[in-house]
Amino acid sequence: MAAKSIQPSFAGKVALIAGASRGIGEVTARAFSEAGAAVVLAARDRQALDSIADGIRAAGGRALAVSCDVGDASSVENLVHQTVSRRPRRTVVGRTEATNRIGTSPAPRSRYFALGRSH
């Protein structure tokens, strides 16, 4: 008997991935897209985000690229606004970004978790 692959379906969901411009963030975004989610890609490198979003769309997925510095509260606020205004469904949030600062990001985590509620 062949082993059956179990992959969750994220159809109808939105996955917001901070740190999506490279590495594990990029892989995470692509995996959510392959599982059916619309993805919002966030990072500081807009050119890299646009390239990844184009690739996801070329493969039949839905992607939105948003420049965001998670260390800047107003940038996170803009990310949340763009995500909710374009994709007002239940949102899954993934933080894979690295920071170059010592300590924690000043952007309140509650802003990320608020996206998990239905709008």
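The values are calculated or read from the model by the stated rules, or taken from the named source; none is laboratory data. Small disclaimer: the values here were computed from a predicted structure and weren't measured. Cβ sites come from the backbone with ideal geometry, for glycine too, and all protein chains shown count toward neighbours.
Of note:
- When the range 64-89 is limited to residues that are touching a strand residue (DSSP E or B) at 6+ places or on another chain (Cβ under 6 Å), farther than 15 Å from Arg22 by Cα and of a type in the set (A, V, I, L, M), the one that is modelled with the highest pLDDT turns out to be Leu64.
- Among the numbered conditions (1) at pLDDT 95 or above; (2) under 21 Å from Val76 (Cβ atoms); (3) of a type in the set (Ser, Thr, Tyr), the only one that Thr28 does not meet is (1).
- Listed by position, the strands (runs of 3 or more DSSP E) inside the range 2-76 whose residues that are of a type in the set (A, V, I, L, M), surrounded by 23 or more Cβ atoms within 10 Å (Cβ to Cβ) and within 13 Å of the chain's Cα centre (by Cα) number at least 3 are 14-18, 38-43.
- Pairs meeting the criteria (first residue in the range 1-21 and closer than 8 Å to Leu41 by Cα and modelled with pLDDT of 85 or more, second residue surrounded by fewer than 23 Cβ atoms within 10 Å (Cβ to Cβ) and acidic (Asp, Glu), beta carbons under 7 Å, at least 6 apart or on different chains) are Ala18/Glu97; Gly19/Glu97; Ala20/Glu26; Ser21/Asp45.
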